[in-house]
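> Please find one structure pasted underneath; my questions will follow.
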Amino acid sequence: MLNMQDVSKIYRTELVETHALRALDLVVKEGEFVAVTGPSGSGKTTFLNIAGLLEEFTSGSYVLDGVDVKGLDDNARSKLRNRKIGFIFQSFNLIPDLNLFDNVDVPLRYRGMGAAERRQRIEKALTDVGLGSRMKHYPAELSGGQQQRAAIARALAGDPRLLLADEPTGNLDSQMARSVMELLEDINARGTTIVMVTHDAELAARAQRNVHIVDGMATDLQRGSVLASA
Ligand code: ADP
Ligand code: ADP
């Protein structure tokens, strides 16, 4: 699903060069649920933004679902992103002036879908995350957990192959975090590949696989390896 080899990312400003990723190698297979952990500033968000075609990389290769991303122009990149990828963020990123129905509609309109298909997808996505009775509500009228569920509905309405989540439970109390995690597990069980950045060790431990990013390089954490090497 995702194959990055030797991917580096350098941010350059007048005074400093920051090596956010250094020759990162990472393969995520179709159907996996991967949790990405690592210290602050280690490159997790940069990795996710590159994986999601939101940012370009400086060198290396990235193949997304069989498509070599290098050399695609902006238009081709955003088409690929819209067809294949859903995003969820720590801060939900819902549009406050739109109700839930219209929030979920935004990426579907962007894809140029007809009204009937959009309506059907929006209603299904919101119902699937337990918000079928809240479609006319505005984000501010909902709890944090409900807002994140709405953001998940927005990400899923387009049937993405890959769901990328950046600290999706970071703004939620532990009970809401667990229920969002259960929803992500359901989504994964139905076939969507998930890559989730998290600081929450308990949630990371529930994923099938843990990848640790330190200083812009990724390593697989095998369960128990910390104890084994201690
Ligand atoms: P998180 O670790 O929660 O994903 P952010 O991605 O917001 O947090 O930021 C991670 C680090 O990247 C921080 O040290 C932040 O200062 C830095 N950072 C984010 N965006 C920029 C930017 N545009 N310019 C410089 N540093 C940035
Ligand atoms: P994490 O998500 O693990 O906290 P990030 O990927 O946000 O780490 O950041 C990795 C490094 O890249 C940090 O040193 C951060 O300050 C830097 N960085 C991130 N975004 C930018 C940016 N837009 N411009 C300059 N430096 C950035």
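What follows is calculated from the coordinates using simple rules that are stated; it is not laboratory data. Source: prediction; values computed, not measured. Using ideal geometry, Cβ is built from the backbone for each residue, glycine included, and neighbour counts are taken over all protein chains shown.
> Roughly how far apart, in whole Å, are the Cα centres of region 85-118 and region 140-161?
Distance between centres, Cα-based: 9 Å.
> So, one more: Considering only Ala23, Ala205, Ala151, give the residue with the highest GNM mean-square fluctuation for the chain, with springs between Cα atoms whenever their separation is below 10 Å.
Ala205
> Which net charge results for the neighbourhood of Ser143, defined as the other residues with beta-carbon distances under 12 angstrom from its beta-carbon, given Lys and Arg at +1 and Asp and Glu at -1?
Neighbourhood net charge equals 0.
> Sorted by mean Cβ packing within 10 Å, highest first, what order do the peptides 160-167, 104-111 take?
Ranking the peptides 160-167, 104-111 by packing returns 160-167, 104-111.
> Would you mind calculating the relative contact order of the chain from Cα pairs under 8 angstrom and at least 6 residues apart, reporting the percent as a whole number?
In percent, rounded to a whole number, it is 30.
> From the residues Tyr110, Ala35, Leu53, which one has its Cα farthest along the dipole of region 22-125 in the positive direction, the dipole being from +1 and -1 charges on Cβ of Lys/Arg and Asp/Glu about the Cα centre?
Tyr110
> For the chain, with the dipole built from +1 on Lys and Arg beta-carbon atoms and -1 on Asp and Glu ones, taken about the Cα centre, which of Asn99, Leu26, Met217 lies farthest toward the positive end?
Of the options given, the answer is Asn99.
> Pick from Ile95, Ile213, Ile122: which is most flexible by mean-square fluctuation in a GNM of the chain where alpha carbon atoms under 10 Å apart are linked?
Among Ile95, Ile213, Ile122, the largest GNM mean-square fluctuation belongs to Ile95.
> Now, a different point. Can you give the net charge of the other residues whose Cβ lies under 11 Å from the Cβ of Met217, counting K and R as +1 and D and E as -1?
-2
> Kirkwood hydrodynamic radius of the chain from all distinct Cα pairs, in Å?
Answer for the chain: a Kirkwood hydrodynamic radius of 18.3 Å.
> Please state the charge dipole magnitude for the chain, taken about the Cα centre, from unit charges on C-beta atoms (+1 on K and R, -1 on D and E), reported in debye and rounded to the nearest 20.
Taking the Cα centre of the chain as origin, the dipole is about 580 debye.
> Excluding the sites themselves, what is the longest stretch of the chain that contains no GluC sites (Glu not before Pro) in a DSSP loop with at most 15 other C-beta atoms within 10 Å?
Here the longest segment lacking exposed loop sites spans 57-230.
> For region 7-86, what is the charge dipole size about the Cα centre, in debye to the nearest 20, if Lys and Arg each add +1 at the Cβ and Asp and Glu each add -1 at the Cβ?
140
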